[in-house]
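The values are calculated or read from the model by the stated rules, or taken from the named source; none is laboratory data. Because the structure is a prediction, the values reported are computed rather than measured. As a convention, Cβ positions derive from the backbone with ideal geometry for all residues, glycine included, and neighbour counts pool all protein chains shown. Ligands, DNA and RNA are excluded from the accessible area calculation, which covers all protein heavy atoms including side chains. Shrake-Rupley method; radii C 1.70, N 1.55, O 1.52, S 1.80 Å.
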Amino acid sequence: MTCAPRAGQNLEEIANHFLFYKELNKQIQDNFRARVFEHNNTWNVAERWKKETNGNVRLSSMDEPLFRCLKKCRLAVVTWNATTVRDLLALRFPTILVWSKKYYELNKKSIPFFRALQEVNVFFDDFQKAAVFVNSHWEQIGKWWSNPKTRLVVERYLYRDWE
């Protein structure tokens with residue numbers, strides 16, 4: 001655990017989420033679902049989503065089981081480095097990781113794995129580039145995800161040495 005001031009970081013991360021959403025084409029926006037993680041509702045993230053999207057985005061709370069959410073989705077987009085990353089990749093569910101390197105430092109042992117994930121468009125450190133990728137692959141997410149090179153990189157990430 002850590003205790004540190006995060007106001008600027010949180011606001012920038014939330015702004016990046018909206019940037020990503022707004023870069024998506026209308027069809028994807030119409031099917032978009034945001035899973036809202038609130039810390040005692042301190043940041044009013046659900047309200048921010050409603051305001052930023054004129055109420056057009058569907059919201060899921062952390063109270064809804066992840067697996068139930070996934071049944072309604074074609075693609076998961078994870079915006080911070082947490083256990084959800086491994087959970088989704090272990091499920092072999094089409095997943096894109098996108099977060100700012102400014103706030104999420106990788107340890108030396110993980111850098112080669114994330115570079116490889118970046119090469120197959122699973123990991124992005126730029127929200128606009130991630131949105132461009134989603135727009136261009138939306139109709140064929142399964143084809144991208146089942147590509148042998150993508151599968152190999154994800155498997156290597158999952159079964160790497162964690163020591």
May I ask you to list the residues in region 137-159 that are part of a helix (DSSP H, G or I) and open to solvent by 80 Å² or more (accessible area, probe 1.4 Å)? Glu139, Gln140, Lys143, Pro148, Lys149, Leu152, Arg156
Could you tell me which of the residues Val122, Val132, Val78 is over 19 Å from Phe18 (Cβ atoms) and not polar (S, T, N, Q)? Val122
I need every pair where a residue in region 138-159 that is of a type in the set (D, E, K, R) has its Cβ under 6 Å from the Cβ of a residue that is open to solvent by less than 70 Å² (accessible area, probe 1.4 Å), sequence separation at least 6 or different chains. Lys149/Val120
Single unsatisfied condition, Thr95 versus (1) polar (S, T, N, Q); (2) farther than 22 Å from Lys143 by Cα; (3) at pLDDT 85 or above: (2)
When only residues in region 27-86 that are of a type in the set (Gly, Ala, Ser) and touching a residue at least 24 places away in the same chain (Cβ under 8 Å) count, which is surrounded by the most Cβ atoms within 10 Å (Cβ to Cβ)? Ala34
Out of everything in region 87-102 that is among the charged types (D, E, K, R) and within 26 Å of Pro148 (Cα to Cα), what residue ends up being surrounded by the most Cβ atoms within 10 Å (Cβ to Cβ)? Asp87
